[in-house]
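None of the figures in this text is laboratory data; all of them are computed from the coordinates on show. Computed from a predicted structure; not experimentally measured. FYI the Cβ positions are ideal-geometry reconstructions off the backbone, even for glycines, and counts take in every protein chain you see.
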Amino acid sequence: MLYRVLADVVLIGHLLFIIYGLLGGLLYFWRSWLVWLHLPLAAWISLIEFFQWTCPLTPWEKQLRVLAGEGAYSGGFIEHYLIALIYPDGMTRGIALILGVIALGSNLLIYGFILRDAYRRFQYK
């Protein structure tokens, strides 16, 4: 029971990391110092997608599922939980590149607004 709960906690944390990596730059407008936490995570998420690396949270969750008596799923977190909903045929190199571009593009857009805001603040001082 404990391992299943821990696996679910890792799963939820993994999803929150992805959401924060994609949209966390928006928190700049609430607390600007959060940008320094977000930038490395956004870069990490983009690199994972571009190079098809395995996020360390995925094997950790799989191991906890095995310890809980459940079978470990094949593939990675995105393939198992997200791609199955969005792209039923599975993950391809092209899809991975698209996801990487989405991650990078959303952050470039957000940081464009941040830079514009910072420039305006500097300009009026």
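Work out from phi, with θ = phi - 60° and the Karplus expression 6.51 cos²θ - 1.76 cosθ + 1.60, the ³J(HN,Hα) of each residue of the range 65-70, listed in order in whole Hz, and give x for Gly and Pro.
Karplus-based 3J(HN,Hα) across the range 65-70 equals 5, 5, 5, 7, x, 8 Hz.
Using a Förster distance of 30 Å, how high is the FRET efficiency between residue 67 and residue 12, based on the Cβ-Cβ distance and rounded to 0.05? Walk me through the numbers before you get to the answer.
Working: r = 18 Å, r/R0 = 0.59.
Once rounded, the FRET efficiency stands at 0.95.
Rounded to the nearest Å, what's the spacing between the alpha carbon centres of the range 1-59 and the range 101-125? Just the number, please.
Computed from Cα coordinates, the inter-centre distance equals 21 Å.
State the extension gain, in nm to one decimal, for the chain segment bounded by residue 50 and residue 123, taking 0.36 nm per residue of separation less the distance between their alpha-carbons.
On the way: separation 73, 0.36 × 73 = 26.28 nm, distance 3.67 nm.
Length difference between fully extended and current span is 22.6 nm.
Rounded to the nearest 0.05, what FRET efficiency is calculated for residue 113 and residue 5 with R0 set to 41 Å and r the Cβ-Cβ distance? Could the numbers behind the result be given before it?
Values: r = 39 Å, r/R0 = 0.95.
After rounding, the FRET efficiency stands at 0.60.
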